[in-house]
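No value in this document is a laboratory result; all are computed from the given coordinates. Treat the numbers as computed from the prediction; the structure is a model and nothing was measured. Positions of Cβ are generated from backbone atoms using ideal geometry, with glycine treated the same way; all protein chains shown enter the neighbour counts.
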Amino acid sequence: MERAEAYGFSGAMSGAFLLSCLLFAAVSRRQRGPYMDEVFHVPQAQAYCHGRFLQWDPMITTLPGLYLLSVGVVKPAAWLLGWTGSVVCSVGMLRFINLLFSAGNFYLLYLLLFKIHQKNKAVSGFQRILSALTLAMFPTLYFFTFLYYTDPGSVFFTLFSYLMCLYGNHKTSALLGFCGFMFRQTNIVWTVFCAGNVVAEKLNEAWKIELQKKKDEKISSRKGSFSDLTRTLRFLVEYLISPKNLVTLSALTWPYIVLVTLFFVFVFINGGIVVGDRSSHEACLHFPQLFYFLSFTVFFSFPHLLTPTKIRKFLLSLRKHPVQYSLIAVISLFLIWKFTYVHKYLLADNRHYTFYVWRKVFQRHELVKYLLVPFYIFAGWSFADTLKSKSIFWLLMYFVCLLAVTVPQKLLEFRYFILPFLIYRLNIPFLSLYRQLLELAFYILVNAVTFYLFLNRTFKWENSDEVQRFMW
């Protein structure tokens with residue numbers, strides 16, 4: 001990092017942290033007590049603060065990583081600073097943990113952008129800083145910086161694990177992946193993703209040798225053809241059934257294999273992936289979740305995905321391959337018809353934005369969910385088009401992980417899309433400075449509206465005197 005870039009990054013991070021502190025103070029003044037899921041998380045952390053480690057709220061569905069880390073930070077701080085009484089492990093003190101995670105996420109996002117795009121000499125330090133700042137303010141994640149939720153910590157350890165993987169520190173990566181798993185069980189998918197990065201790199205090296213043998217000029221020239229896809233899949237199968245290759249890959253990825261094995265042992269002993277209340281977190285094949293994720297991504301990455309150039313390229317592709325797109329449309333319609341699920345929380349809780357998205361869009365008419373298929377197809381094409389610089393094996397690995405982390409979820413919840421979105425966004429090419437600034441301005445606007453609604457547009461339910469607030 002050059003000196004000017006270091007100063008610029010320090011200034012951006014300091015400014016973002018100062019802004020977050022001001023917002024933190026505003027949220028803490030308006031909402032002093034636990035809100036939403038905090039009514040479960042805060043008492044559980046406070047029980048751990050008082051040494052009651054065998055106490056467990058059966059309504060909590062995640063492992064105790066957040067509470068253990070909170071106690072590990074707050075207790076030594078209280079001892080060093082001489083804090084006593086209710087301030088130790090208070091709601092505000094516990095929420096502050098996520099403010100620290102948010103600063104850590106900013107730094108990790110910058111380091112990941114630097115590592116992933118280090119070969120692109122056209123990217124300036126200012127663009128890296130701007131992109132890191134934008135992603136650090138990603139609205140769905142940024143909002144939960146100010147509440148005692150698992151999301152900021154979950155993202156922190158997952159991004160840290162990914163960074164260590166990219167630098168080849170796989171034992172450290174797996175250890176951090178375990179920490180991420182302790183925050184949210186589904187993060188095991190991103191441990192598989194890290195292992196998949198290693199496998200994809202080896203596959204790509206072998207594939208280049210294979211192509212050179214056949215005197216092909218470059219890998220990317222073979223993408224898009226069905227015959228080339230079958231040839232690639234045939235190579236993939238042949239490579240993975242070779243005992244020598246399996247031994248090599250196992251030697252490289254054994255820390256991840258150990259962690260995934262521990263995960264399956266946990267699932268066997270626990271009787272499922274969810275701890276605590278399982279009645280509202282049943283796994284199912286909810287394939288339209290992929291379509292919701294693509295729509296979510298287009299909304300938050302419109303400067304990348306929703307451009308006139310991309311629309312023209314998509315229409316041209318549509319004209320050249322009508323049979324393939326017709327088949328995709330038929331499959332999409334079938335998946336929506338047979339695999340759409342509506343969680344009871346989605347219909348009942350009017351505090352979440354998803355409640356209004358579902359009511360205003362999908363519940364307008366029974367046919368709406370089918371009429372959106374052309375948009376889903378464009379979103380999927382545009383999404384894949386921005387990742388065309390990645391190898392076919394990386395794409396295959398990422399999409400498998402994307403399906404694994406979204407499809408089993410019955411509840412439409414934007415928080416479940418945070419990590420797959422960030423991984424995607426980190427790996428796409430940099431835009432022009434104008435479009436980067438447009439993306440940042442859009443995030444700031446969405447955050448401003450979100451915090452305004454949360455802080456000022458309160459309401460009450462008929463059967464409750466508690467103040468309710470709008471949120472993600």
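The table below lists the values:
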| item | result |
| --- | --- |
| When the chain is reduced to its Cα atoms, the Kirkwood hydrodynamic radius in Å | 24.1 |
| Extension gain from Val258 to Arg231, taking 0.36 nm per residue of separation minus the Cα-Cα distance | 6.5 nm |
| Region 251-322: equivalent-ellipsoid semi-axes (sqrt of 5 x gyration tensor eigenvalues, Cα, Å) | 40, 19, 13 |
| Per-residue HN-Hα couplings for region 302-315 [Karplus 6.51, -1.76, 1.60; θ = phi - 60°; Hz; x = Gly/Pro] | 4, x, 8, 9, 10, 10, x, 4, 5, 4, 5, 5, 5, 5 |
| Gap separating the Cα centres of region 298-319 and region 49-92, nearest whole Å | 47 |
| Mean-position separation - Cα centroids, region 121-172 and region 187-216, in angstrom | 24 |
| Three semi-axes of the equivalent ellipsoid, region 284-431, Cα gyration tensor, whole Å, largest first | 25, 19, 15 |
| Separation of the Val267 and Leu455 label points, Cα + 7 Å toward Cβ, nm | 4.3 |
| Computed E for Val342/Ala448 - FRET, C-beta separation, R0 22 angstrom, nearest 0.05 | 0.10 |
| FRET efficiency estimate (nearest 0.05) - Cβ-Cβ, Ser86 to Thr307, R0 60 angstrom | 0.70 |
| Translational diffusion coefficient (Stokes-Einstein; Kirkwood radius from C-alpha pairs) of region 377-460 at 37 °C, 0.692 mPa s, in µm²/s | 212 |
| Size of electric dipole in region 284-431: Cβ of Lys, Arg +1 and of Asp, Glu -1, about Cα centre, debye, nearest 20 | 240 |
| If the convex hull is drawn through the Cα atoms of region 86-182, its volume per residue in Å³ | 94 |
| Cβ-derived FRET efficiency at R0 30 Å, Lys75 paired with Tyr167, nearest 0.05 | 0.40 |
| Cut-off 20 Å, label 7 Å out along Cα→Cβ of Ala283, residues of region 248-267 by amide N | 256-267 |
| Estimated translational D of region 283-330 in µm²/s (Stokes, Kirkwood radius over Cα pairs; 37 °C; 0.692 mPa s) | 261 |
| Residue-wise HN-Hα coupling along region 138-148, computed from phi with Karplus coefficients 6.51, -1.76, 1.60 (Hz; x: Gly, Pro) | 3, x, 5, 7, 4, 4, 7, 4, 9, 10, 8 |
| Check: the chain dipole with +1 on Lys, Arg Cβ and -1 on Asp, Glu Cβ, in debye | 1260 |
| Anchor Lys313: aspartates and glutamates whose Cα lies under 19 Å away (excluding residues fewer than 8 positions away in-chain) | Asp385 |
| Under 5 Å, built H, 5+ apart or other chain: amide partners of Leu147 | none |
| Acute angle (nearest 10 degrees) that the helix 125-136 long axis makes with the longest principal axis of the chain, alpha-carbon atoms | 60 |
| Positive-end extreme of charge dipole, the chain - chosen from Leu412, Phe459, Phe296 (charges on Cβ) | Phe296 |
